[in-house]
Every structure is written in C-alpha cells, then in structure tokens.
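The values are calculated or read from the model by the stated rules, or taken from the named source; none is laboratory data. What you are looking at is a predicted structure, and each value in this text was computed from that prediction instead of being measured. Positions of Cβ are backbone-derived with ideal geometry, glycine not excepted, and every protein chain shown enters the neighbour counts. Remember, those area values only see protein heavy atoms, side chains included, never the ligands or the DNA or RNA. Shrake-Rupley method; radii C 1.70, N 1.55, O 1.52, S 1.80 Å.
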Amino acid sequence: MSLQEIDAKMFSKMFLAAAKSLENKKEWINELNVFPVPDGDTGTNMTMTIMSAAREVSALGDSADMESLCKAISSGSLRGARGNSGVILSQLFRGFTKRIKTEKVMTIPVLTEAFDKAVETAYKAVMKPKEGTILTVARGVADKAKELAAEGCEDMETFISSVLEQARYVLSQTPEMLPVLKQAGVVDSGGQGLVEVLSGALDAFLGKEIDLTVPEASNERAGRGSASEAKEEAEIRFGYCTEFIIMLSRNFNIKAEMDFKAYLESIGDSIVCVTDDDVVKVHVHTNDPGLAIQKALKYGALSNIKIDNMRLEHQEKLFQEKQEQKAEPPKDYGFIAVSAGDGLGEIFKSLGVDYIIEGGQTMNPSTADILSAVDKVNAKTIFILPNNKNIILAANQAAELTTDKDLLVIPSKTIPQGITAIINFMPELSADENEENMIREIANVHTAQVTYAVRDTVIDDKEIKKGDYMGLGDQGILSVGTSVNEVAKAAVAEMVTEESELISIYYGSDVTEEDAEAFRSQVEEANASCDVELQYGGQPIYYYVMSVE
C-alpha cells in the first residue's frame, strides 16, 4: 500500500536527504556559472545554506514534531543563507514551513498550498525577479502541484515524482528564457540546485538507502570576520602558559640543557630556560603542561608552578571588552563593509568603517555572518556596504532579522561603489537623507574588474578561451585578450566618456607595484583629461578593480 501522508519523521529524512543530494552535486552546479570566471559558487552557496538548516534538523533527532522541524529549517536556512541563490532557497523554505508548521502530517492538498506559499515568499524577497532562474523552476513546481491536486491525485509518490519531472522540464527551458544561458550552453545553476533538493527528497520518500549524516560546520568561511578576535584566537597555537622552577638534584650540564630545551620545543613555543646555580627557571606555551612537568621532574623537584589557560583569558578579555562596549552609549552611525584584500580593508577603515567582513567573490558571507558583525558595532544606525551583487540579498535578510538597531543596506555592487558611498556620507544629515544620497552617488560609478577565464565559451559575441583575461563591467564583458594590461586598458576605454573626471585603479595580490605603476602611466597617457589614482587593494582573483566617475 502506498504512503499517502508525510509525517514529521519522514519529513526530517526527506529534508536531510535533500541536503545531501545538493551537497553531492555542488561542484557540478558551480560549473554551470554563465561567466567563465573562477568564482562560480552557486552550488557552494546553496549547499552551505541548506546544510546550516540540516545541522539543526539533525540535532533534533527522530522524535521532533512538525513545528520543531519547521522552526529548525526556517531559522537555520535564513541565518546560513549565502549568495542570491542561497537566500532565495532560504525564502522558499521559509514560505513552505510557514504553511505546514501547524500540521501533524502533510497531505497532497497541504503540500500544494505549501509549494504555493514558498513561491510567494521567495518572489517577495527579490526586488526585481528574473525569469529563467530558480524562481521560475519553483513556480513551475507550484503550478504542477495545483494542477495535480485539481485533478484529484491521491497517490503521494505519483504527486512528488510528477512535481520533480515538471521541475526538470522547466529547468531545461531556462536557456530559452535567458539568452545568456543559451549562449553559454548551460541551464540556470540555481534552478539545478532546486531540482537536486527535490530529487533527494523523493529518494528518501521512496526508501532508498541514503547516508543522512550531516557534517559539522567547517571553518572554511566566506572570509567572515575582520582583523578580528577569531584570527587572534586562532593565533594561540598553544593554549597553556606554563611556568615553574626546577630545584636541581642531578647534573644539568650544557648537553642536558640542550636536550631539555629541544624537548620543550617539540611540545610548545615561547620557551625560556634560565639556569641559575642549583635552580632552572622554565617558561613554555604548550597544549599539555603535564608533559613539560613530567620531563622536568627527571632533573629535580619543582616549585612555583603556574599554569594559565591563555585561550580562556582571551575569551574573558573579549567578553569584558564587549561588556564595556555595551556600557558605552551607542554612537549615532556605524559602518560595515564586505571586502577582500588587506589594502581594500585598510582603505575602508581609513574612511570610517567600523567592521570589515572579509568576503566577496568566491566567499559570500552568510546572513549570520552579517548579523554577527552588526552585533559588534555599537551604533544606533548601521550602514552596510555589501560591495557585491551576490551579497545584497543576504544583507537585506540580515536587516529584516535585526531588531535592536537600524541596519540600512546600501546596495553597492562593487568595491568602488562602496568607497564612493561612504565618502559621500555626511554626519549632519539624517539616516534617511544619507541613505538616499549614498544610493544616488553609487549610480554614477562605473566599474570594471579584470580576471581570467576558466573555460572556453562565447558570451556577448566574444569568443573566450580558457586562460584568457577578461574585463568584466557592470552589465557584461567589456574586453577579452591575452594580456592583463591590454585587457584592463580596453575595459577603461569602454567606460570613459567626455564627462568622466576620475579613474581609480586598485591592484590585486597577483600584481606587482611596478607593473601597477606602469599600467597607471598608460591609463594617464590615454586619458589626459582625467585624474588617475592608483591604490593597493590586495584583492584575490581580480588583477585590477577599476572605476570611472
């Protein structure tokens, strides 16, 4: 007899299987990126989003009820959402779980309404929904579900299988809706991710053997943090500061002293070993003080033993600093910027940014990462500069979840736009006036970024070979070639107009200062009417980030 309802236990298995299915295909989904740049991360973003929820679901165990599961899925995916595709996936889950959380079991009518609520919620989250994307695939699923329910479908296996088949069909049509997909010869990567989610859920429903173990959250992060406490704690390689005095009872000659020091170096660092007549003063940072003490006892009795947990002290210091910060009255305005590259980080800090979230292309911070940054800035109103079009939705989601402060998202799509935004901040204006002014000013900034191609393709009628350099503009590819400087110059030429006054160049970690200076000279020569500024950005992947204003 076929199963006609889905209870909480089955739903939990289906969701975990969906997460594993997506995880297994994430690299393939990454390769569906339209532009052949080394930052196709749709599969990674969607996987990290669903895995954030899957860890919460897994922690609930087999006895969780529907409401608890829904809360775990919605909260986990919302906070773990990365990139536009991840945020949209989290919104689909949010709408879906909103409909089913009060049900004991899911029937076909309930599932149909849940699919419809999922699509409605996701479309509302995107300011300008684009067809031919994950949204279109999701809507195709909801429409098929309504069609099946209207026809009186009563078999759950048939229902889910038909919905998945429709999702695959709509996905196959996405190249007909977005010419850029057709030209690149791929389907929409976000839509493919959603298909994998549904496919995994069906496999679990059919009873297929699936490893539902959810891995722990890795430390691999989209550059979250800043010159931060996380980095400082990571630098505490050996956690215990260990000091003692050896009262010598046996010979401690030069060889014995060298052997003892060599042993201490094998188990720690920051070693001090000073011999004074019949005593030896010892200091070492180690993860196992007992080993140092045990070795020292071979030479005599010990006194003045002192062991401090440096990691705990560090955490207490951070806690104290946070308490002191809370005690201070909040300032009116604070700033958060997303940026990759030490040079760019210093530029933002010099302009007044309070906290840098290390991230950008290939490493989109999650909604939770942004909320963590917000918590660290003691201000009533905080402006966040995403500086990447794939981070704006996560920032908007963080703004919705922030309750104790006003988080205003300035939709900067590039680093130069973010720099322009904060330069145009005026403390004497209100938050709303500043928001309006900053958004208006970033519209005047045109940006190009130079990187390399990871595969052969044809885009915007430009034939691109693997290894070629590309100048990527705000709306598409500006230039292609085999020389970094020639491609960069051609990209600048595409952006400069008679009204242009300033050209800003930020060179990346793979460009020498000498080469960057030579490039600036070439740009100055070709654009005599413009001021040309060169600064070290240190950004990865992109040789040059350039803007024209």
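Filtering region 165-190 to residues that are outside any loop (DSSP other than H, G, I, E, B) and of a type in the set (D, E, K, R) leaves E165, R168, E176, K182.
Of all the listed residues (D456, D460, D474, D406), the sole one being farther than 17 Å from C530 by Cβ, touching a Pro at 6+ places or on another chain (Cβ under 9 Å) and acidic (D, E) is D456.
Here's the yes/no breakdown for (1) over 21 Å from V187 (Cα atoms); (2) open to solvent by 30 Å² or more (accessible area, probe 1.4 Å); (3) modelled with pLDDT of 95 or more; (4) within 12 Å of the chain's Cα centre (by Cα):
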{"position": "F35", "(1), (2), (3), (4)": "no, yes, no, no"}
{"position": "P38", "(1), (2), (3), (4)": "no, yes, no, no"}
{"position": "D41", "(1), (2), (3), (4)": "no, no, no, yes"}
{"position": "N45", "(1), (2), (3), (4)": "no, no, no, yes"}
{"position": "S52", "(1), (2), (3), (4)": "yes, no, no, no"}
{"position": "S58", "(1), (2), (3), (4)": "yes, yes, no, no"}
{"position": "A64", "(1), (2), (3), (4)": "yes, no, no, no"}
{"position": "C70", "(1), (2), (3), (4)": "yes, no, yes, no"}
{"position": "I73", "(1), (2), (3), (4)": "yes, no, yes, no"}
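Filtered by the rule that a residue be surrounded by fewer than 21 Cβ atoms within 10 Å (Cβ to Cβ) and out of contact with any helix residue (DSSP H, G or I) (no Cβ under 8 Å at 6 or more places or on another chain), region 364-375 gives S372, D375. Inside region 239-268, residues that are in contact (Cβ under 8 Å) with a residue 60 or more places away in the chain and out of contact with any helix residue (DSSP H, G or I) (no Cβ under 7 Å at 6 or more places or on another chain) make up a count of 1. Of all residues in region 136-162 being under 16 Å from A122 (Cβ atoms) and open to solvent by less than 30 Å² (accessible area, probe 1.4 Å), which is farthest from the chain's Cα centre (by Cα)? Per the criteria, the residue is A145. Screening S521 with (1) open to solvent by 40 Å² or more (accessible area, probe 1.4 Å); (2) of a type in the set (G, A, S); (3) within 21 Å of P540 (Cα to Cα) gives one miss only, at (3). Tallying residues that are open to solvent by less than 20 Å² (accessible area, probe 1.4 Å) and part of a loop (DSSP other than H, G, I, E, B) within region 100-135 yields 1. For the residues K128, K146, K124, the requirement of being of a type in the set (K, R) and either touching an Asp or Glu at 6+ places or on another chain (Cβ under 8 Å) or touching a residue at least 40 places away in the same chain (Cβ under 8 Å) (or both) singles out K146.
Condition check ((1) at pLDDT 90 or above; (2) not β-branched (V, I, T)) across all residues:
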residue	(1), (2)
K466	no, yes
L472	yes, yes
T482	yes, no
E486	yes, yes
A493	yes, yes
L502	yes, yes
I505	yes, no
F519	yes, yes
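Selection over region 266-303 of residues that are surrounded by fewer than 12 Cβ atoms within 10 Å (Cβ to Cβ) and modelled with pLDDT under 90 gives a count of 6. With the condition kept exactly as written, say whether any residue in region 310-328 is surrounded by fewer than 17 Cβ atoms within 10 Å (Cβ to Cβ), within 21 Å of R237 (Cα to Cα) and polar (S, T, N, Q). Yes, some residue in region 310-328 is surrounded by fewer than 17 Cβ atoms within 10 Å (Cβ to Cβ), within 21 Å of R237 (Cα to Cα) and polar (S, T, N, Q). Against the test of being over 11 Å from A448 (Cβ atoms) and more than 27 Å from the chain's Cα centre (by Cα), the options E494, E525 yield a single qualifying residue, E525. On the stretch given as region 294-309, residues that are touching a Phe, Trp or Tyr at 6+ places or on another chain (Cβ under 7 Å) and aliphatic (A, V, I, L, M) total 4.
The criterion of at least 1 residues that are of a type in the set (F, W, Y) is met, among helices (runs of 4 or more DSSP H) falling completely within region 284-377, by 310-327, 342-350.
Within region 495-518, the set of residues being part of a helix (DSSP H, G or I) and surrounded by fewer than 16 Cβ atoms within 10 Å (Cβ to Cβ) comprises E513, E514, D515, E517, A518. The residues of region 180-209 that are in contact with a helix residue (DSSP H, G or I) (Cβ under 6 Å, 6 or more places away or on another chain) and modelled with pLDDT under 90, listed by number, are L181, K182. Taken residue by residue, region 464-478 has at least one member that is in contact with an Asp or Glu (Cβ under 7 Å, 6 or more places away or on another chain), part of a strand (DSSP E or B), in contact (Cβ under 8 Å) with a residue 24 or more places away in the chain and under 22 Å from S412 (Cα atoms). In region 365-380, the residues that are more than 13 Å from G86 (Cβ to Cβ) form Cβ pairs under 7 Å with partners that are open to solvent by 40 Å² or more (accessible area, probe 1.4 Å) and among the aliphatic types (A, V, I, L, M), at six or more places apart or across chains, as follows: L371/L401.
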